[in-house]
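One structure below.
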Amino acid sequence: MKPYPTLQTERLILREFPLEDVPEVQRLAGAYEIARMTLLIPHPYEDGMAEEWIASLRPSYEAGEQVTFAVVLREVGDLIGCIGMGLNARDNSGELGYWIGVPYWGRGYCTEAAREMVRYGFEVLGLHRIYANHFGSNLASGRVMQKLGMSYEGTRREHYKKWGEYEDQVEYGLLASEWRAAPV
Amino acid sequence: MVLRSMSVLWETHRSVEDSERFLRLAEDGYARGDFGGWGVVLKEDGAFVGTCGLDAGYAPEHARAELGYVLSREYWGKGLMPEAVRTVICFGFERAELNRVEARYIVENTASARVMEKAGMTCEGTLREREFIKGSYRDIKLYSILRREFIARRPQG
């Protein structure tokens, strides 16, 4: 079994999700704002869904498909969100994804966690490219990507139908060479 | 693998019944969620020149499909692929109820860029060093056409 990494930033710890996190995952991910701006989070977020999701993380990490972390406040130990990267071995790329619970918005936690994920992706995983996508209506997520030094690369128009409405998919990308030249 | 799922896009149309039969075949496939990987055949001599289809990245929940095609080299430069692509796009919007048809090509493939543009597709961006193909990282260009654009451009009647 591969050891699961644990990362740290000034205010945060990024670690594996244990089953103890289930109620808090359900509470935070169950918020309308979180589900509305992501593709795969079910809404309503029912009992049993968090367990099933957490149970899937370790096997897919072992298979090299993705690495997903709980984002936790260092001082108090509270779970505040989730950050992860889907990995593609052929293209040596990582797709960054994240959500921070609504009560914890506006304090720069997402950018702080994402910066560390980007460092982990380039320095530890040796990725060539890290990219991220957001719904056209989710400008806040785009601002995080900009702060990470990612470049806007394109928009897939009306790419998703989210709850009956079409959403653009906006993509940002960052190359290892760019990141090394100007680590964020 | 490609041949197994193939059904011919065009045969020499001898009658209206031939055209109807093609459309029924295509619609049956579409009803199964299968857009084939149609064979492209020249009407004038029946030569098989390539394939064209919407079978990559079909996402009915998002009313979207991805266009792919291959054209035999000796038939390049005659406007054949734009014609096939326009036909397949037309099928996608008129028969398969799609909202979006998209395509991706490596930046070096300027012939594909022209095919996309002639078929009325818009370039949406470039994903840098996105795919590792034949020994190096390639930039990928994104193209698409939306239902509302297709309808607006369609000649009336």
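The values are calculated or read from the model by the stated rules, or taken from the named source; none is laboratory data. Keep in mind it's a predicted model, so treat the numbers as computed, not measured. A quick note on method: Cβ atoms are made from the backbone with ideal geometry, for glycine too, and the neighbour counts reach across all protein chains shown.
What to note about this one:
- For segment A:132-150, the criterion of a residue being within 11 Å of chain B (Cβ to nearest Cβ), over 19 Å from A:S93 (Cα atoms) and aromatic (F, W, Y) is satisfied by no position.
- Conditions (1) of a type outside the set (D, E); (2) touching a residue at least 12 places away in the same chain (Cβ under 8 Å); (3) within 14 Å of another protein chain (Cβ to nearest Cβ); number of the one not met by A:C82: (3)
- Of the set (1) over 8 Å from the mean Cα position of the chain (by Cα); (2) in contact (Cβ under 8 Å) with a residue 40 or more places away in the chain, all apply to B:Y69 but (1).
- Checklist (1) part of a strand (DSSP E or B); (2) more than 14 Å from chain B (Cβ to nearest Cβ); (3) closer than 30 Å to B:L146 by Cβ applied to A:R157, failing item: (2)
- Contacts under 9 angstrom Cβ, first residue in segment A:1-17 being modelled with pLDDT of 95 or more, partner part of a strand (DSSP E or B) and hydroxyl-bearing (S, T, Y), 6 or more apart: A:E16/A:T68; A:F17/A:T68
- Residues in segment A:143-184 that are aliphatic (A, V, I, L, M) and either out of contact with any strand residue (DSSP E or B) (no Cβ under 9 Å at 6 or more places or on another chain) or over 30 Å from B:A63 (Cβ atoms) (or both): A:L148, A:L174, A:L175, A:A176, A:A181, A:A182, A:V184.
- Take the conditions (1) within 12 Å of chain A (Cβ to nearest Cβ); (2) under 22 Å from A:E178 (Cβ atoms); (3) surrounded by 13 or more Cβ atoms within 10 Å (Cβ to Cβ); (4) out of contact with any Leu (no Cβ under 6 Å at 6 or more places or on another chain); B:I106 misses just one of them, which is (1).
- A:G94 vs. criteria under 17 Å from the mean Cα position of the chain (by Cα), buried (at least 18 other Cβ atoms within 10 Å of the Cβ) and assigned to a strand (DSSP E or B): yes
- Here A:E158 meets each of (1) within 21 Å of B:E124 (Cα to Cα); (2) free of Cβ contacts under 8 Å to residues at least 12 places away in the same chain; (3) surrounded by fewer than 21 Cβ atoms within 10 Å (Cβ to Cβ) with one exception, condition (3).
- Filter result (among the small types (G, A, S) and more than 14 Å from chain B (Cβ to nearest Cβ)) within segment A:112-131: A:A113, A:A114, A:G121
- The residue that is farthest from the other protein chains (Cβ to nearest Cβ), among those in segment B:54-84 that are outside any strand (DSSP E or B) and in contact with a Gly (Cβ under 9 Å, 6 or more places away or on another chain), is B:Y75.
- Single residue of segment A:32-76 satisfying the filter (under 30 Å from A:D91 (Cβ atoms) and aromatic (F, W, Y)) that is surrounded by the most Cβ atoms within 10 Å (Cβ to Cβ): A:F69
- Every residue from segment B:127-136 that is crowded, with 17+ Cβ neighbours inside 10 Å and touching a strand residue (DSSP E or B) at 6+ places or on another chain (Cβ under 7 Å): B:L127, B:R128, B:E129, B:R130, B:E131
- Residue within segment A:160-182 that is of a type in the set (A, V, I, L, M, F, W, C), within 14 Å of chain B (Cβ to nearest Cβ) and over 22 Å from B:R130 (Cα atoms) present: yes
- Any hit, segment B:122-143, residues being in a helix (DSSP H, G or I), modelled with pLDDT of 90 or more and within 12 Å of another protein chain (Cβ to nearest Cβ): no
- A search for C-beta distances below 7 Å between a residue of segment A:54-71 that is within 14 Å of A:L40 (Cβ to Cβ) and without any contact (Cβ under 8 Å) to a residue 12 or more places away in the chain and any residue that is part of a strand (DSSP E or B) and polar (S, T, N, Q), counting only pairs 6+ apart in sequence or on different chains, returns A:S60/A:Q66.
- Filter pass, A:G108 being more than 30 Å from B:S136 (Cβ to Cβ) and either in contact with a Phe, Trp or Tyr (Cβ under 8 Å, 6 or more places away or on another chain) or buried (at least 18 other Cβ atoms within 10 Å of the Cβ) (or both): no
- Looking only at segment A:92-111, and only at residues there that are under 12 Å from A:S141 (Cα atoms) and among the aliphatic types (A, V, I, L, M), the one that is farthest from the other protein chains (Cβ to nearest Cβ): A:I100
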